[in-house]
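The structure appears below as structure tokens.
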Amino acid sequence: MTLLDQIREQTINWLQEKGHSFSASDILVNATRKEFAGHVTVVVFPFVKLLKDRPPAIAESLGDYLVAHLAEVASYNVVQGFVNLELSGDAWSGLIETILANPNYGEQQATGKKILVEFCSPNTNKPLHLGHIRNIMLGWSCSQILAANGHEVTKIQIINDRGIAVCKSMLAWKKFGNGATPQSTQTKGDAFVGEYYVLFDKKLTEEYQSWQESDEANDLYAGSEYDSPELFFKSFKNTYFNTRSTLGQEAREMLVNWEAGDQEIISLWEKMNAWVYAGFDETYAALDVHFDKLYYESNTWTLGKDYVEKGISEGLFFQKEDQSVWVDLTDQNMDEKILLRSDGTSVYLTQDIGTAIQRYEDFNADSMIYVVGDEQNYHFKVLFEVLKKLEQPFADALYHLSYGMVDLPSGKMKSREGTVVDADDLIREVTEEAHAVASEKGELDDMPDEAKREVYRQIGLAALKFFILKVNPQKRMLFDPAASVDMQGQTGPYIQNAYVRVQSLLRKSGEWKTSHAYRQFEATEEHLLQALTLYPEVISKAGRDLDPSGLANYCYDLAKSYHRFYHEVKILSADTEDARTFRLRLSKATAQVIEHGMNLLGIDMPERM
């Protein structure tokens, strides 16, 4: 039981003695604000209605009780409805002892709750890019944080391996590839296929530009409401693809043939997807992530039709004159949404309905979290409401972890035009930057080359991942390559450096005995101890909010506090053996928490850098 748990437990006992019950999870314990004396603060405003007394009087009563019943509480002061607790030397010694004895300090006991987290879910017509990295890191870190909160977490993804976009890559390779392969061109498989997706758009643009010179195009423009040819032809491109384009017709025919089971098309699809999967696996390995279960759109695209038909029979959905099937969500301040086309084929929403139900049957999960960009907010609102209409038992336990898009200084990324930051290129760039910085410092010169390369990789990935995760998911991000690889300031390498600094200190320290006699704490020591006390709360809040940025910024603040402590007090040359021992143990506990917290973010700690 952590110190904060003990404070909550004694607060509950105090309330019970007054004839009231209260939930421990609703007792607010925070870090004391810098302008007040104290280390942790209990908020008593939630007790006012129960106790029918003024907040300061309630705070005084609770403060007296905690001092009397907890040796770890030395004294207190009251500011309105806040009890600011001063912790004792016993509390600090006990805290360090607890941390050093428990490598998983901060984690919660098993809850028995099963949670599915879906993330990444790429398309097989292009390689992973910067946007995918944000998705992957959010999904991975949230999964780790939820597991640290005691939940049983399964990491899943659905691979979008069919559809018109995939057929565009296939058609471009068939028409223009001349039998080339990733092996023959020495190109990573997903990047190789992505080049043909870009090539298709290039060829389509050339075809469209040629058509714009035709009489048919000029007649269409003349009969339109547009003021200029540029505006008309910009808006008409999708219509042209679907109704007049030769390439568009060939791509659509390829999709129809795929759905009909044409063996030649299926064989081409399997070959090109295999290239892509091999490429994806390389990128996942480079990012140190993996999945527990893969679903494929090619297996799930027909799921949901039976449930839609059941909904029709129960009056939940309705058919229009053309036999298309719709759901009316106007009572939920949404609109009507199509579920089946007039020809009986599924839409993405229908597939997602079936997939959600299939996952529940596969895992009997208590909750499902979808990590998907905020451009899909409406889609998930509709999906969740439809599942509620179908009275699915898990419908109220679905959550869309929506996140903002990642922009470049030059604007939005566009896969069709090839203006994306490729994930592999980005990983390579930050690793090379780490190599350059480390080589300049010369700290790793005596290490074997293979060991040095691993350190460069760890530093580079820390720079990249922390840059992504320190931002609240709800916020749109501007990706600045220079800032992401900066080895100073609020960065992953800065935090790693605090951990490395401790390891160097411990290597130099020799043997030292455990001692609890030190009591004359410096301000920087108390600041570190206060932060370590609050670590379990940080993990708990990050899990509740599904927001890794709070944990990321906690790790940065802890590292910053340690750097300040390291510079302001003597450690190895401390004035007394008790002070030396305490500061070494405090350093070791801090490094342990930094390593644990960064590991939850998917970031490794090097021993040297």
Test: residue in the range 309-323 that is within 30 Å of Asp547 (Cβ to Cβ) and either modelled with pLDDT of 95 or more or charged (D, E, K, R) (or both): no
Is there a residue in the range 202-211 that is surrounded by fewer than 17 Cβ atoms within 10 Å (Cβ to Cβ), touching a residue at least 12 places away in the same chain (Cβ under 8 Å) and not in a helix (DSSP H, G or I)? no
So is Val325 hydrophobic (A, V, I, L, M, F, W, C) and within 26 Å of Lys126 (Cα to Cα) or not? no
Listed by first then second residue, the pairs whose first member lies in the range 576-598 and is farther than 20 Å from Arg608 by Cβ, whose partner is in a helix (DSSP H, G or I) and polar (S, T, N, Q), with beta carbons under 7 Å and at least 6 positions apart or on separate chains, are none
Identify, by number, the condition in (1) in contact with a helix residue (DSSP H, G or I) (Cβ under 7 Å, 6 or more places away or on another chain); (2) surrounded by fewer than 17 Cβ atoms within 10 Å (Cβ to Cβ); (3) without any contact (Cβ under 8 Å) to a residue 24 or more places away in the chain; (4) over 30 Å from Leu528 (Cβ atoms) that His20 doesn't meet. (3)
Among the numbered conditions (1) at pLDDT below 85; (2) closer than 20 Å to Leu469 by Cα; (3) surrounded by fewer than 20 Cβ atoms within 10 Å (Cβ to Cβ), tell me where Glu375 comes up short. (1)
Which of the residues that make up the range 350-382 are within 18 Å of Asn160 (Cα to Cα) and without any contact (Cβ under 8 Å) to a residue 40 or more places away in the chain? Glu375, Gln376, His379, Phe380
Quickly run through the range 69-97 and pick out the residues that are under 13 Å from Phe36 (Cα atoms), at pLDDT 95 or above and not acidic (Asp, Glu). Tyr76, Asn77, Val78, Val79, Phe82, Val83, Asn84, Leu85
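Basic (Lys, Arg) and over 20 Å from Gly489 (Cα atoms), is that true of Arg580? Walk me through how you get there before you give the answer.
Working: basic (Lys, Arg): yes; over 20 Å from Gly489 (Cα atoms): yes.
For Arg580, the condition - basic (Lys, Arg) and over 20 Å from Gly489 (Cα atoms) - is met.
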Could you check the range 173-196 and list, in sequence order, the residues that are among the small types (Gly, Ala, Ser), farther than 19 Å from Leu128 by Cα and part of a helix (DSSP H, G or I)? Ser184
Residue check for Tyr518: of a type outside the set (Lys, Arg), assigned to a loop (DSSP other than H, G, I, E, B) and within 21 Å of Lys570 (Cα to Cα): yes
Among Phe317, Phe291, which is the only one that is under 26 Å from Ile156 (Cβ atoms), buried (at least 19 other Cβ atoms within 10 Å of the Cβ) and among the hydrophobic types (A, V, I, L, M, F, W, C)? Phe291
If we ask which residues in the range 81-103 are assigned to a loop (DSSP other than H, G, I, E, B) and either more than 15 Å from Ile7 (Cβ to Cβ) or not polar (S, T, N, Q) (or both), their number turns out to be 3
For the subset of the range 287-312 comprising residues that are in contact (Cβ under 8 Å) with a residue 60 or more places away in the chain and β-branched (Val, Ile, Thr), which member is farthest from Ile459 (Cα to Cα)? Thr300
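The values are calculated or read from the model by the stated rules, or taken from the named source; none is laboratory data. Source: prediction; values computed, not measured. Counting neighbours? That spans all protein chains shown, and the Cβs are built from the backbone with ideal geometry, glycine included.
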